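**Student:** One structure, pasted below without further comment.
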Amino acid sequence: MTELVSSAPMSRAVPGARLRFYAAWGMVAVLLAAFPSIFTSASSLTTFSLVGTAIIFALSYNILLGQTGLLSFGHAVYYGIGAFFAVHTMNLIPQYGLPVPLPLVPLIGGVAGLLLAILTGWISTRRAGTVFSMISLGVAELAVALALILTDFFGGEDGISTNRTKLPAWFGWHFGPQVQVYYLVAFWVFVSALAMYALTRTPLGKICNAVRDNPERVQFVGYDPHIVRYLAFCFAGLFAGIAGALAAISFESANFTDLGWVKSGAVIFSTYIGGTSIFAGPIVGAIFFVYLSLSLSDYTSVWQLYFGLLFILVVRYAPGGIGGTLLMHRMPFRVGGLGRILRTYAIAAVPTLMLVGGFVLAVETIVHHTVNANEDPRIKAFGVSFDASSPMTWIVAGLLMLIGYFVGRLTWRGVTRAWDDARTIASERGIPS
Amino acid sequence: MLELVIISALNGVLYGLLLFLMASGLTVVFSMLGVLNFAHAGFYMLGAFFGFQISKWFGFWWALLLAPIIVGLIGAAVERFALRDIHRSGHVAELLFTFGLAYVIEEVVQIVWGKDPVDYRGPPSLDFPAFSIFSTNYPSYKVFMFAISVAIFVALLIVIKRSRIGLVVQASLTHPQMVAHLGHNVGLVFTLVFGVGIGLAALAGVIAGPILQTQSNMAASLIALLFVIIVVGGLGSLAGAFVASLLIGLIQTFAVSLDGSLASLFGPLSPDAPQFLIRNIWTVTIAQVAPIIPYALLILVLILRPMGLFGTRET
Amino acid sequence: MIPAIEVRAVNKSFGNVEIIRNLNLRIEKGERHAVIGPNGAGKSTTFNLISGYLAPTSGDVLLNGQVVSGLPPFEINRRGLSRSFQLTNVFARMTVWDNVRCAVLWASGQRYAFWKSMDDLQDVNERTIRILEDIHLAARRDVIAGLLPYAEQRALEIGITVAGGSDVIILDEPTAGMSRAETDRAMALIKRLTEERTLVIVEHDMNVVFGLADRISVLVYGEIIASGTPAEIRNDPRVKEAYLGQEAVDA
Ligand SMILES: Nc1ncnc2c1ncn2[C@@H]1O[C@H](COP(=O)(O)OP(=O)(O)O)[C@@H](O)[C@H]1O
Ligand SMILES: [Mg+2]
């Protein structure tokens, strides 16, 4: 899937590049089509619907964050409006006997997101940077407050629900069985991802990158950065709306929290952790996020805390996210220093895991004392049992953290040295890092 | 009616002063360091909870002294050990970091103190009515809040107008790009300013906690309000932040105490009129609209006066 | 004939400080015009006023006979003026190839197109290749611009400026910070790339200036104290006194 790396320019008129492009997307299509034969259970298909929706949402967010350099705190507004319009459409179609089948409903959601973005975007994108972020948050707060007032449309705290099987059948499909919903979602994921990928390779997509890098200079090659940001904003709204509509189809309902700040936060987390500088980054991030939020909650009651800390650590130590960090290793791979770097990782992993383990032990113990104080002190977190009331637990946690920290510092120095050496070799040979 | 107006005005000004305690730190840090601290309201919340905890152990007056200092030190540490390094990755990374921090603070507060409001009370020595207006007793704790806010406000003014650091802060407000040329100890100044800004937010938390609810969700809605204040006031303008704080404080307080609606003005909606959505708009009370007003104001200001009420730089 | 650039009685103040005072300048089409003057004289500010980066406090700037002062930079660029920056100002996270492509896009009439693939734009890609060959960066096309060595970044800066094919090119100290040899190469490049176009250039190296320019303006403390052919400037007593110093003139 290296073809999905948007930063690497596809060379002009190289036939191989075009072939690789079709091969990669063809493979994605085949995988999507084959998925239900491999994972047959309804629950894994439901999970996929969640993941697919999250992928479109994160990719749409990355049009703003990664491609255009706009950090929005209110992207869920366009997702939510897509969801609500989808639900209303799904209710109106059977009521008026309209000949619109379910697979077209995401389009309605997309148009709703687009129209709202057209409306709010002009002022929001007048400025980039921090001011844009502040305005996006203001618009989001406004939207949530309005949603709670306009109960006829948004259904108040309860939201509104629908029944997707009431729509006219589509070649005999009523979208009752999960596998039919799966194919609907998979189709839209494929089309949306392909469209958003194509967007990065158009003149507008390129100029978005230029606006991200240097909005000032863009003006001196003839472009108005405000219009560029505005168009990017509208596209982001369109695809967020499609994602929202797909969610509404999966859940057969929409709720004001779909517009809200938890949803906006989730898309920021997953996009950034996945990596904003690579097209596939947000896809990885969305899968990672949905997976963690479904699975971590089985292991610990405070998974949100760990997730927030993970996010902070990524911003602090791996600003490229998962995707960017992986891609960073192309350079040592080319100069032949990758083996050594991986070895230093393996060494550093031991004390780092001790540090993390000690920290988690301490947190879980504190959680036991503050949240579940009256329960049995012999608790279990991440499959490990321990006695939260015993002083031994504290000693172990403290020791793990201390040793992990001080030994970890030494071993990470080894990592830094290995990287420095690789960089030196690379610059001697003129290989870009 | 007059009674309501006077009480609401007092409460509105008080709320405005509290907002200014937070907005002032936020806007100074933004101008000097270029960091928009998303976690600013989170530190306000930490102030309230630390205040609650310390006053439970040692009494309110110790809380008033210690909580802002402790939280301020935490803030200074965040600047020194995290933000300074992230600065190299640009403003988006800084903003994302503080966003994550706000999230983590909320989670930590939830873990330690739970999701329900805690029983945080002011000192018993201030538990008497200061004066009464018509039939309403005005609590002396609120008078005390007034005194603290005004005292801090005056102290800030003196520091900014008279001290060397104050001059640096002033210069940075109008010419943010100049701050880089201030000399070798500029890092220390940054840490100090960041810590003090956070400390002020925490102080607001300590004194507001007993009156407003001390609860783990108190930060989330506040930060957006603070952003509105610094944009509406004009980025880099302390005077603007002050006026906008009072404005928002008054609007919010008055709006909440009014329950007029279109229906109460013009009578109930005729059944022949279109109902969908119109019905919602017709019957919504001003009190219910209150949360929207600041954001509507934000958008209005951005359209009509993009540099904010007192701003010199275009936002 | 209508001049390419005409500056009429322009003043520019920052706060209370008047940086540009009653500036008048007339640059004919096809002329190579050098602006010289000590540091802080206001040369970059003049360029900022002409290119729309700043609006004059009073007075007018005309491009090909049309008033352009007050227009945003992209409007002025679309009317045929392109500028470079004294401090390198490229798209740092994009490749050299994409840097130049972005500079070609508007001029090729692509506007904000989101329905065409960049790879299919023959015209854009061919123009980009030509520019890259002109600035000797064809071999570096896949390098991220921010990672280029300084001299190559300066070359890219010039490449971005001329890529759109504007008739009027203004270059702010294109050779700043370059070695002797690099300067010579850069000047040869600039000469070649700006043939048949109007060129306005800020340059400190007097040999270069007198070798290149058809006309020279001398800017001191925000005022033009002399404007004329190299020979006139060489012999202007005010210039000798105010700026050049006797040695430079003898050299
Ligand atoms: N945006 C600005 N704000 C305030 N002063 C400025 C600004 N831009 C330039 N100046 C001042 O204008 C004067 C001229 O600067 P500049 O045009 O860069 O000179 P030159 O390019 O001739 O060296 C300098 O004193 C500089 O400090
Ligand atoms: Mg200059």
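The values are calculated or read from the model by the stated rules, or taken from the named source; none is laboratory data. Here the structure is a predicted model, which means the values were calculated and not measured. Cβ placement follows ideal geometry from the backbone for every residue including glycine, while neighbour counts extend to all protein chains displayed. Just so you know, the surface numbers come from the protein's heavy atoms only, side chains and all, with ligands and any DNA or RNA stripped out. Shrake-Rupley method; radii C 1.70, N 1.55, O 1.52, S 1.80 Å.
**Student:** Just grab the label-to-label distance for A:L98 and C:S13, each label 7 Å out from Cα along the Cβ direction, in nm (one decimal).
**Tutor:** Taking the two extended label points, one gets 6.1 nm.
**Student:** Another question, if that's okay. Over the heavy atoms of A:Y78, what accessible area does a 1.4 Å probe trace out, to the nearest 10 Å²?
**Tutor:** Accessible surface of A:Y78 is approximately 10 Å².
**Student:** Over all directions, the average projected area of the alpha-carbon convex hull for the range B:41-160 comes to how many nm²? Mind showing how you got there, number by number?
**Tutor:** Details: hull surface 41.8 nm².
Computing the convex hull of the Cα atoms and averaging its projections yields 10.4 nm².
**Student:** Right, here's the next one. Could you give the dipole magnitude of chain C about its Cα centre, charging the beta-carbon of Lys and Arg +1 and that of Asp and Glu -1, in debye to the nearest 20?
**Tutor:** Working: 28 positive and 32 negative charges, 85 e Å.
Dipole size: approximately 400 debye.
**Student:** To continue, here is another question. For chain B, give the percent of accessible area contributed by carbon and sulfur heavy atoms, probe 1.4 Å, rounded to a whole number.
**Tutor:** Carbon and sulfur: 70 percent of the exposed surface of chain B.
**Student:** Looking only at A:R212, A:R229, A:R20, which one moves most when chain A is put into a Gaussian network model with springs between Cα atoms under 10 Å?
**Tutor:** Greatest mean-square fluctuation among the candidates belongs to A:R20.
**Student:** Here's another thing I want to ask about it. Counting alpha carbon pairs within less than 8 Å and at least 6 residues apart, what relative contact order, in whole percent, applies to the range A:13-327?
**Tutor:** 33 percent
**Student:** Grab the eigenvalues of the alpha-carbon gyration tensor for the range A:287-386, scale each by 5, take roots, and send me the semi-axes largest first in whole angstrom.
**Tutor:** For the range A:287-386, the ellipsoid semi-axes come out as 33, 16, 11 Å.
**Student:** At a 1.4 Å probe radius, carbon and sulfur cover how many percent of the accessible area of chain C?
**Tutor:** Working: 5200 of 10600 Å².
It is 49 percent, rounded to a whole number.
**Student:** Can you tell me, using C-alpha contacts under 8 Å and at least 6 residues apart, the relative contact order of chain B as a whole percent?
**Tutor:** 32 percent
**Student:** In whole Å, how far is the Cα centre of the range C:176-207 from that of the range A:128-181?
**Tutor:** 59 Å
**Student:** Rg (Å, one decimal) plus Dmax (Å, integer) for the alpha carbons of the range A:330-429?
**Tutor:** Spelled out, the Cα radius of gyration and Dmax of the range A:330-429 are 19.3, 64 Å.
**Student:** Could you state the per residue volume, in Å³, of the convex hull enclosing the Cα atoms of the range C:1-103?
**Tutor:** Here the figure is 129 Å³ per residue.
**Student:** As an exercise, use a Förster radius of 60 Å and the Cβ-Cβ distance of C:D60 and B:S221 to find the FRET efficiency, rounded to the nearest 0.05.
**Tutor:** E(calc), rounded to 0.05, equals 0.75.
**Student:** Counting protein heavy atoms only and a 1.4 angstrom probe, how many square angstrom of accessible surface do chains A and B bury in total, to the nearest 100?
**Tutor:** Buried area (both sides, nearest 100 Å²): 4100 Å².
**Student:** In the range A:107-148, which residues become less accessible by 30 Å² or more once every protein chain is in place, relative to the chain on its own, using a 1.4 Å probe?
**Tutor:** Residues losing area: A:I123, A:R126, A:R127, A:T130, A:V131, A:M134, A:I135, A:L137, A:G138, A:E141, A:L142, A:A145.
**Student:** Just to be sure I understand: if I project the alpha-carbon convex hull of the range B:1-108 onto a plane and average over all orientations, what area do I get in nm²? Could the numbers behind the result be given before it?
**Tutor:** Numbers: hull surface 35.4 nm².
In nm², the orientation-averaged hull projection of the range B:1-108 is 8.8.
**Student:** While we're on this one: Could you list which residues have their amide H under 5 Å from that of C:V220, counting only those 5 or more apart in sequence or on another chain, with H placed in the peptide plane?
**Tutor:** Distant-sequence amide H within range of C:V220: C:I225.
**Student:** Another question, if that's okay. Putting +1 on Lys and Arg Cβ atoms and -1 on Asp and Glu Cβ atoms, find which of B:G267, B:T27, B:A290 reaches farthest to the positive end of the dipole of chain B.
**Tutor:** B:T27
**Student:** Sticking with this one: Going by amide H atoms built from the backbone, whose H comes under 5 Å of the H on C:I170, apart from near neighbours?
**Tutor:** The answer is C:S82, C:R83, C:S84, C:V200.
**Student:** A further question follows. Connecting C-alpha atoms closer than 10 Å in a GNM of chain B, tell me which of B:A151, B:A67, B:A202 has the biggest fluctuation.
**Tutor:** The residue with the greatest mean-square fluctuation here is B:A151.
**Student:** Whole number please: convex hull volume per residue, Cα atoms of the range C:67-147, in Å³. Write down the numbers at each step before the final one.
**Tutor:** Working: hull volume 10.1 nm³, N = 81.
Hull volume normalised by residue count: 125 Å³.
**Student:** Report the Cα centroid-to-centroid distance between the range A:290-366 and the range B:30-47 in angstrom, as an integer.
**Tutor:** 27 Å
**Student:** Looking only at A:L167, A:L184, A:L146, which one moves most when chain A is put into a Gaussian network model with springs between Cα atoms under 10 Å?
**Tutor:** A:L146
**Student:** Next question, about the same structure. Tell me, what is the per residue accessible area of chain B in Å², probe radius 1.4 Å?
**Tutor:** 44 Å²
**Student:** Now a separate question. Starting from the Cα of B:A239, step 7 Å along the direction of its Cβ; do the same at A:L119; then give the gap between the two resulting points in nm.
**Tutor:** 3.8 nm
**Student:** Pick out the long, greasy-scoring helices in chain B: whole DSSP H runs spanning 18 Å or more along their own axis by Cα, mean Kyte-Doolittle at least 1.6.
**Tutor:** Result, helices passing both filters: B:2-33, B:60-78, B:140-162, B:186-208, B:220-233, B:238-257.
**Student:** Might you report the magnitude of the Cβ-based charge dipole of the protein assembly as shown about its Cα centre, with Lys and Arg at +1 and Asp and Glu at -1, to the nearest 20 debye? Write out the running numbers ahead of the final one.
**Tutor:** On the way: 66 positive and 62 negative charges, 245 e Å.
Using Cβ point charges on Lys, Arg, Asp and Glu, the protein assembly as shown gives about 1180 debye.
**Student:** Between C:S117 and B:I158, how many nm apart are label points set 7 Å from Cα along the C-beta direction?
**Tutor:** So the two model labels end up 7.1 nm from each other.
**Student:** Any idea what the dipole of chain B comes to, in debye rounded to 20, about its Cα centre with Lys/Arg Cβ at +1 and Asp/Glu Cβ at -1?
**Tutor:** 720 debye
**Student:** With a/c under 1.5 counting as rounded, go ahead and sort the range A:13-327 into rounded, prolate or oblate using the C-alpha gyration tensor (a ≥ b ≥ c being the square roots of the eigenvalues; past the cut-off, prolate if a/b is larger than b/c, else oblate).
**Tutor:** Verdict is rounded for the range A:13-327.
**Student:** Between the range B:257-302 and the range A:38-81, what is the C-alpha centre distance in whole Å?
**Tutor:** Each part's Cα centre sits 34 Å from the other's.
**Student:** Another question about this same structure. Calculate the tail of P(r) for chain C: the fraction of all Cα-Cα distances greater than 29 Å, expressed in %.
**Tutor:** 31 percent
**Student:** So what is the relative contact order of the range C:69-206, in percent, for Cα pairs below 8 Å that sit 6 or more residues apart?
**Tutor:** 34 percent
**Student:** Comparing the chain by itself with all protein chains present, which residues of the range A:40-79 are at least 10 Å² less accessible (probe 1.4 Å)?
**Tutor:** Output list: A:L65, A:G69, A:L71, A:F73.
**Student:** Give me Rg/Rg_expected for the range A:267-335, where Rg uses Cα atoms only and Rg_expected = 2.2 N^0.38 Å with N residues.
**Tutor:** Cα-based Rg divided by the globular estimate yields 1.18.
**Student:** Turning to a different aspect of this structure: From largest accessible area down, sort B:F128, B:F58; use a 1.4 Å probe on the protein chains.
**Tutor:** Sorted descending by solvent-accessible area, the residues read B:F58, B:F128.
**Student:** Residues with amide H under 5 Å of C:I19's amide H, sequence separation 5 or more or different chain, H placed in the peptide plane at 1.01 Å from N; which?
**Tutor:** Close amide H contacts, sequence-distant or interchain: C:K12, C:S13, C:F14.
**Student:** Let me ask something else about it. Between B:W61 and B:L269, what length in nm is gained on full extension when 0.36 nm per residue of separation is reduced by their alpha carbon distance?
**Tutor:** Between B:W61 and B:L269, full extension yields 69.5 nm more.
**Student:** Based on the alpha-carbon set only, what is the convex hull volume of the protein assembly as shown divided per residue, in Å³?
**Tutor:** Per residue, the Cα convex hull of the protein assembly as shown comes to 215 Å³.
**Student:** Continuing with the same structure: Once the principal axes of the Cα atoms of the range A:192-271 are found, what is the range along each, listed largest first in whole angstroms?
**Tutor:** Principal axes ranked by extent give 49, 25, 20 Å for the Cα atoms.
**Student:** Calculate, axis by axis, the spread of Cα positions in the range B:2-218 along the three principal axes, and write the results as whole Å, longest axis first.
**Tutor:** Between the extreme Cα coordinates on each principal axis of the range B:2-218 lie 58, 41, 30 Å.
**Student:** A further question follows. Skip the ligands, DNA and RNA, and give the accessible area per residue of the range C:5-250 with a 1.4 Å probe, whole Å².
**Tutor:** With the other protein chains kept in place, the range C:5-250 gives 42 Å² per residue.
**Student:** Taking 40 Å² as the minimum loss, tell me which residues in the range C:87-103 lose that much accessible area going from the chain by itself to the full protein complex (1.4 Å probe).
**Tutor:** When all protein chains are present, C:N89, C:F91, C:R93, C:M94, C:C102 each give up 40 Å² or more of accessible surface.
**Student:** As I understand it, the dipole of the protein assembly as shown uses +1 on the Cβ of Lys and Arg and -1 on the Cβ of Asp and Glu, about the Cα centre. Which of A:Y230, B:L200, A:V314 lies farthest toward its positive end?
**Tutor:** Final value for the positive-end residue is A:V314.
**Student:** How much accessible area per residue does chain A have, in Å², with a 1.4 Å probe?
**Tutor:** Result: 42 Å² of accessible area for each residue.
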